[in-house]
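As C-alpha cells, the structure follows; a few thoughts come after it.
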Amino acid sequence: MRQAMEREEDARLAPYALRSSEATRRHPLEDDGRAFDYRTAYQRDRDRIVYSRAFRRLRHKAIAGILPAYEDHRRNRLTHTLEVTQVARTIGRALRLNEDLIEAVALGHDLGQPPFGPAGVQAIDDLLAGRRDGRGGPGLGDRGGFSPAWQGLRVVDLLEKRYEHPGLNLTDPTREGIVKAGSAPHAPESAPEGLRLGNPPLFEAQVVALAIRLASALHDLDDALQAGTAGLSEVEKLGAIRELKRKLGARYPRGGGRFAAANAIHRGLTHLLVTGAILASQANLSRWASAGKIASSKGFRDRRDDAVSGREIAWPKGGEALVAELEGFLAARLRRGEAERVVGRGRRVVLGLFAAYFADPALLDDHVLFRMKEVAGVRYFRDLSREHRERDAKAYRADHRYTRLLADHLAAMTDGYALAEHARLTEMGAVPIPSLEQLRREDQP
C-alpha cells in the first residue's frame, strides 16, 4: 500500500517537490510486528509528532506573555500550530509540493518553544549565552545560547522517549525543515547528522516559514480586535486593511460591531494573503524550473543544493510590505501596558527557577536527575549522602551538560507548571537563592 501511495505521489507532485520514497532517517524503522505498511515516510513523521508529549504541552503555552488560567478564545501554541499547518497545507497543495512533509514540519515547528513566549526564549538565551545567572549577577559564560528552532530539533532527536533509540526518528527533511522554518541563530558546535545546514531551505520548509508569519500576524490581529486591545479605527488605517476594503468594496461590513468586523477582516486577509502567496510563488517556481531546466525529480535532486535561493516562496510585490507593517503594529501593541508586566513576570519565573535548580539539584524532578546520571556517568543524586550531595552539586555547576539539561527542563515546561513550580520553590525558601558569584566563591577549593 505504501508503494502504491508513493507512485501516486510521484505522478501528482511537481518535479521540484520532495518525494517520500527518497526520505532518509538516522535509525532503522521499528517493525513492531506490523502486517501492513500504509503510510508514507512523511505521514509517519506527522503521526509521531502529534503523539509526542511535547506536542500535547503546546496547548498550555502562551504565544506571548502568560496564558491565562481561564481563557476560552485566546490562541495558544497549539492553536497557533494548527493554524500554521492549515495555511501551509493550502499553499503547498496549490503549488504541488509535498503536502505531507509540509504538514509534518508545520506541526513540529514550535516543539522547542519554552513557556511565556518570547520572554521565556530571551530568559533562557540570556542564561546560556552568559548574560544572566537568574539573580542579576555575573553569568555562566557562553554555553551556546538558546534557539527554539534548535531546541525543537533536540526534542525530536533526543528528548522524546517513545522508542529504544533517543527521539522520534523523524526523516532528515522533516528535521531540517523544523530548524529552517523558524529562526535559528545559534547553530550547535557539531552539525547534526542528516541536515544540509549550509544550504537554503527547500520549498516545503519555505512554505512553512511563510505560513508561520502569515498565521501569526492574522491570529494576533484577530485576538487583539476580539479582545478590544486594538481599536477597529486604528486597524483600518493599516495598508493591508485598506487593500482589503478596496477589494471588498460594498461587501466590507459597515455595521454589526467589533466582532463582525474582526471576523470579516480575518477571513478577508487570510484569503488575500494566501492567494497572493500562491500566485507569486507559482510564478517564481515556474521561472526557477524553466531557468534550471528542471523537468524531473532526478533533475531537481541534481540541482537543488546549488540552485535554490531560499526566496522562491514569497508574496507578490508589495505584499511583504503589507505584512511587515501589520507585524510592526502588533509588536508595538503587544509591548504596551499590561503586556510588559506579564512579560516581566514570566522572565523572572524562568530566571528564578534556573537559579534555584542550579544552586540545588535536589529541587529537580527525578527524570532530570536520571538524565544527568545517563549523560554524565554520575551517580543518581538522591542516592548520595548529604556530604556527597554538596560535593556533587559543585561538580554539576561546573559541567556544561548540567546547564543544558536545565535549559531542556525549563523549555519543556508549560506556563502553568512553571508558575506552580516557582511558587512551590518560593514557599520552600529556595527562591531567592545565592547569586552565582556567591556560589563560585563557595565552590573554590
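Bear in mind these aren't lab numbers, they're just calculated from the coordinates by the rules spelled out. Here the structure is a predicted model, which is why all the values come from computation and not from measurement. Cβ sites come from the backbone with ideal geometry, for glycine too, and all protein chains shown count toward neighbours.
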Checklist entry - Name the GluC sites (Glu not before Pro) in region 82-172 that are in a loop by DSSP and that have at most 14 other C-beta atoms within 10 Å, would you? => result Glu164
Checklist entry - Ranking Ile49, Ile102 by Cβ neighbours within 10 Å, fewest first, what do you get? => result Ile49, Ile102
Checklist outcome for this item: Phi angles of region 96-112, converted by Karplus (6.51 cos²θ - 1.76 cosθ + 1.60, θ = phi - 60°) into ³J(HN,Hα) in whole Hz with x for Gly and Pro, give 6, 8, 7, 5, 5, 5, 4, 4, 4, 5, 5, 5, x, 5, 10, 5, x
Checklist entry - By how many nm would the segment from Thr79 to His271 grow when fully extended, if each residue of separation counts as 0.36 nm and the alpha-carbon distance is taken off? => result 67.2 nm
Checklist entry - Given the Cα-Cα distance of Glu22 and Gln3 and 0.36 nm per residue of separation, how much length would full extension add, in nm? => result 5.7 nm
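Which length gain, in nm to one decimal place, applies between Ala191 and Val375 when the Cα-Cα distance is subtracted from 0.36 nm times their residue separation? Could the numbers behind the result be given before it?
Working: separation 184, 0.36 × 184 = 66.24 nm, distance 1.91 nm.
In short, 64.3 nm is gained.
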Next on the checklist: Using the crude model of +1 on Lys and Arg Cβ and -1 on Asp and Glu Cβ, and no other charge, please compute the dipole size for the chain relative to its Cα centre, in debye to 20.
Outcome noted: 1020
Item to check | Relative contact order for the chain, counting Cα pairs under 8 Å that sit 6 or more residues apart, in percent | outcome: 21
Checklist entry - Taking other Cβ within 10 Å of each residue's Cβ, how do Lys61, Lys247, Lys293 sort, fewest first? => result Lys293, Lys247, Lys61
Checklist entry - Which cross-chain or sequence-distant (5 or more) residues have an amide H under 5 Å from the amide H of Asn76, H modelled 1.01 Å from N in plane? => result none
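Using R₀ = 22 Å, calculate the FRET efficiency as 1/(1 + (r/R₀)^6) where r is the Cβ-Cβ separation of Ala227 and Ala331; round to 0.05.
Between Ala227 and Ala331 the formula returns 0.85.
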Item to check | Note, ³J(HN,Hα) from phi for region 290-298, Karplus 6.51, -1.76, 1.60, rounded to Hz, x at Gly and Pro | outcome: 5, 5, x, 6, 8, 10, 8, 5, 5
Checklist outcome for this item: With only helices counted (DSSP H, runs n ≥ 4, each -39500 (n - 2.57)), the per-residue ellipticity at 222 nm for the chain, to the nearest 500, works out to -19000 deg cm²/dmol
Next on the checklist: Please compute, over every Cα-Cα pair in region 342-443, the percentage with a separation greater than 16 angstrom.
Outcome noted: 56
Checklist entry - Got a sec? Which residues in region 343-369 would a label at Arg53 touch, if it sits 7 Å along Cα→Cβ and we count backbone N under 17 Å? => result 364-369
Checklist entry - Over the Cα atoms of the chain, what Rg and Dmax result, in angstrom? => result 23.8, 79
Checklist entry - Karplus couplings for region 274-281 from phi (6.51 cos²θ - 1.76 cosθ + 1.60, θ = phi - 60°), rounded to Hz, Gly and Pro as x? => result 5, 4, x, 5, 5, 5, 5, 5
Checklist entry - Amide H to amide H, which residues 5 or more places from Gly112 or on other chains are under 5 Å from it, using H placed in the peptide plane? => result Gly152
Checklist entry - Once the Cα gyration tensor of region 237-349 is diagonalised, what are the square roots of 5 times its eigenvalues, in whole Å and ordered largest first, as equivalent ellipsoid semi-axes? => result 37, 24, 11
Checklist entry - Counting only residues 5 or more places away or on other chains, whose amide H sits under 5 Å from the amide H of Thr171 once H atoms are built in the peptide plane? => result none
